[in-house]
C-alpha cells in the first residue's frame with residue numbers, strides 16, 4: 001500500500017497483471033519501468049513497451065547507458081511482483097508464470113584473488129543450472145564478457161542455446177556483437193531482438209526498440225559528454241624496430 005501510494009504521488013502507472021499458465025512463453029507489457037529506480041529519483045521513469053509472445057530468448061543490445069540493464073531489472077521485478085499477487089509497475093502487463101527467477105549479473109574482480117573473473121562467472125552459472133527447472137527465467141547482464149569476445153560469445157551461445165531448448169526463458173543484455181548477431185542471423189522465430197535507442201545527435205531516449213544488433217555501443221558519446229572534445233584515435237598500426245642479438249647456429253661456428 002505504501003509503495004502504491006508513493007508511485008501514485010509521482011504519477012507513475014501501475015496495473016494488476018494477467019498471469020498466464022506456464023509451459024508456453026508469453027509476454028506483453030506497456031510502459032514497463034524499474035520500480036526500484038523510480039523510488040531513488042525524483043523524475044518519472046521512461047517506460048518500455050514489449051511484446052514477446054512465443055519468444056524463449058530476448059536479446060538486448062545497443063548504446064551504453066541506454067537503459068538496457070534498467071529494462072532487464074524491470075522485467076525481473078515485474079515477474080516477481082506478479083507472482084506475489086501484487087500490482088506491477090507498468091500500464092499493462094501479462095506473462096506466463098515461472099517456477100523460478102535467476103539472475104547472472106557481472107561482478108567486480110575477486111579482491112582476494114581466489115579465482116579469475118571468468119572462473120567466478122562459470123562457477124555461479126553452474127550453481128544456477130543445478131537449481132533450474134524447465135519453467136524458469138534467467139536474466140543475464142553482460143555475462144561472460146570478462147574474456148575476449150570470441151571466447152565469451154561461444155561460451156554464452158552454448159549456454160543460451162541449451163537453456164532455450166530446455167524450455168527456459170532467457171533475457172540477455174550484452175555488448176558482445178558476435179553473440180547477438182549470430183543468434184540474429186539464425187532467424188529463429190523464438191528470439192526477440194531489442195536495441196537501446198540512440199538519436200542521431202547521440203542522445204539516449206532510454207527506450208528499447210526492435211532491431212538488428214548494432215556492432216557498436218557508442219562509447220564515444222559518453223566520452224564526449226563527460227570530457228568534451230573529440231577523441232584522438234591512435235594509428236591503427238604501431239611498428240616498433242627492435243634489435244635482437246644474433247645467436248650462433250650449428251652451421252655458424254663463429
Cα-only Debye scattering, segment 2-227: base-10 log of I(q)/I(0) at q = 0.08, 0.10, 0.13 Å⁻¹: -0.29, -0.46, -0.79
Contact order normalised by residue count of segment 42-159, Cα under 8 Å, 6+ apart, percent: 23 percent
Packing rank of 145-154, 2-11, where each peptide gets the mean count of other beta carbons within 10 Å, highest leading: 145-154, 2-11
Highest to lowest packing among 85-91, 50-56, scored as the average C-beta count within 10 Å: 85-91, 50-56
Mean separation of Cα contacts under 8 Å, 6 or more apart, over the residue count of segment 2-227: relative contact order %: 27 percent
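No lab work stands behind these numbers, since they all come straight from the coordinates. Computed from a predicted model, the values in this text were never measured in an experiment. When we count neighbours, we look across all protein chains shown, and the Cβ atoms used for this are built from the backbone with ideal geometry, even at glycine.
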